[in-house]
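Where a number appears in this text, it was derived from the coordinates with a stated rule and is not lab data. Nothing here was measured: the structure is a model prediction, and the numbers come from that model. Here Cβ is always computed from backbone atoms with ideal geometry, including for glycine, and neighbour counts include all displayed protein chains.
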Ligand SMILES: [Zn+2]
């Protein structure tokens, strides 16, 4: 449960104190989220190598598909027009893009570096 909260609160995977993102981004102002290069608390380097976050695109894709399916199942109960639902889903994808960007990177960081096993 604490890992889930750390992902949602965008905390460092190593010390769980420092913030990963400096700016959350705002799609309406065309601002993308911005990450710290190192943790402000423990100096942990977030991007280990160039292209480290390439895999988070797949996480982002899976997140978006899940959100679209859930939204479709809910909206289908109230809205009859299929085109309206598709339009709303497209709008949802745009509005949630910065949230998905941050969440997918956080899931990716925690998948790879979250809890190191002590041998
Ligand atoms: Zn840290």
Using the structure shown, decide if residue 79 is within 12 Å of the chain's Cα centre (by Cα) and either within 16 Å of the ligand (Cβ to nearest atom) or farther than 23 Å from residue 113 by Cα (or both). no
Could you check the range 23-43 and list, in sequence order, the residues that are within 14 Å of the ligand (Cβ to nearest atom) and without any contact (Cβ under 8 Å) to a residue 40 or more places away in the chain? 36, 37, 38, 39, 40, 41, 42, 43
Residues of the range 1-22 being part of a helix (DSSP H, G or I) and within 12 Å of the ligand (Cβ to nearest atom), in sequence order, are 6
Kindly indicate whether residue 62 is closer than 24 Å to residue 2 by Cβ and surrounded by fewer than 11 Cβ atoms within 10 Å (Cβ to Cβ). no
